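Read the figures in this text as sums done on the coordinates, not as results from a lab. This is a predicted model, so every value here is computed, not measured. Here Cβ is always computed from backbone atoms with ideal geometry, including for glycine, and neighbour counts include all displayed protein chains.
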Amino acid sequence: GENVEQHPSTLSVQEGDSAVIKCTYSDSASNYFPWYKQELGKRPQLIIDIRSNVGEKKDQRIAVTLNKTAKHFSLHITETQPEDSAVYFCAASIGGGGSNYKLTFGKGTLLTVNP
Amino acid sequence: EAGVVQSPRYKIIEKKQPVAFWCNPISGHNTLYWYLQNLGQGPELLIRYENEEAVDDSQLPKDRFSAERLKGVDSTLKIQPAELGDSAVYLCASSPGGGGMWTGELFFGEGSRLTVL
């Protein structure tokens, strides 16, 4: 089955700096890669996703890049703010929306943005 | 629109006792998932339902865990008997289902935190 590795496990940055979280996946058939944000004691929420036919996607201060050949994808947060502090999970699946959809999550990165 | 609702939010029991968690998905969502989230880990799928049918329960420890989704709406996850290692957060999620315009997003509840003493 799919295996998703996520690094680093913890990341501390100063407000205004950029943060980068990296993930690798094992199954070359995976084609959908979402990122979820989970604040302490709250539910995970989707913040951005990318499909294998796209190399990069951006939404305001958040961007995700995908390298299919190397089987890795990254989350980039620019101009970080204290409210970005949370645990971020990457995930990978085959068929985002299809009947064989199965999402495998990484172990998460605790991001702390210091004021 | 109401999100995914789970109860109870917190449960403390002694080992060998039974426990049940309830989930009400977003209205109209055909697919329902139960995930296990251990401390410091990502969610791991336990079971996925398409309407009332369990289509993927390969990760559900069937000796002590059971789940049902009667009438294809609400779902209950049960553990009997609970063990110390079952202490975790049990997340329920729902989605509109495969095909169509669904983007792949899962909508999670806030989870049920179980502590087994």
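Some points to look at:
- Shielding by other protein chains, A:101-108, mean Cβ within 10 Å: 6
- Of A:Gly16, A:Gly41, A:Gly55, the residue with the greatest mean-square motion in the GNM of chain A, using alpha carbon springs below 10 Å, is A:Gly41.
- Computed packing ranks the peptides A:106-115, B:5-14 as A:106-115, B:5-14, most packed first, by mean other Cβ atoms within 10 Å.
- Chain B - Debye-derived log10 I(q)/I(0), Cα point model, q = 0.23 Å⁻¹: -1.37
- Furthest towards positive pole of dipole, B:Asn30, B:Thr76, B:Ala2, structure part chain B, Cβ charges: B:Thr76
- Base-10 log of normalised Debye intensity for chain A (one unit scatterer per alpha-carbon) at q = 0.10, 0.17 Å⁻¹: -0.27, -0.77
- Taking a point 7 Å from the Cα of A:Leu110 along the Cα-to-Cβ direction, the residues of region B:1-43 with backbone N closer than 17 Å to it are B:37-43.
- When the P(r) is computed for region A:15-79, the part past 20 Å accounts for 30% of the Cα-Cα pairs.
- Candidates B:Asp86, B:Asp74, B:Asp63: whichever shows maximal mean-square fluctuation once chain B is modelled as a Gaussian network with Cα springs under 10 Å: B:Asp63
- Under 17 Å from A:Lys58, Cα to Cα: lysines that are on another chain or at least 8 residues apart: A:Lys22, A:Lys37
- Two-site FRET efficiency, B:Glu52 against A:Gln14, from Cβ-Cβ distance with R₀ of 45 Å, rounded to 0.05: 0.35
- Beta bridges per DSSP with both ends in chain A, % antiparallel, nearest 5: 90 percent
- Take the Cα radius of gyration of the protein assembly as shown and divide it by 2.2 N^0.38 Å, N being the number of residues; the result is 1.02.
- Two-site label geometry, A:Asn53 and B:Arg9: point separation in nm, points 7 Å out along Cα→Cβ: 4.2 nm
- Extended-chain gain in nm, criterion 0.36 nm per residue less alpha-carbon gap, A:His7 and A:Lys68: 20.2 nm
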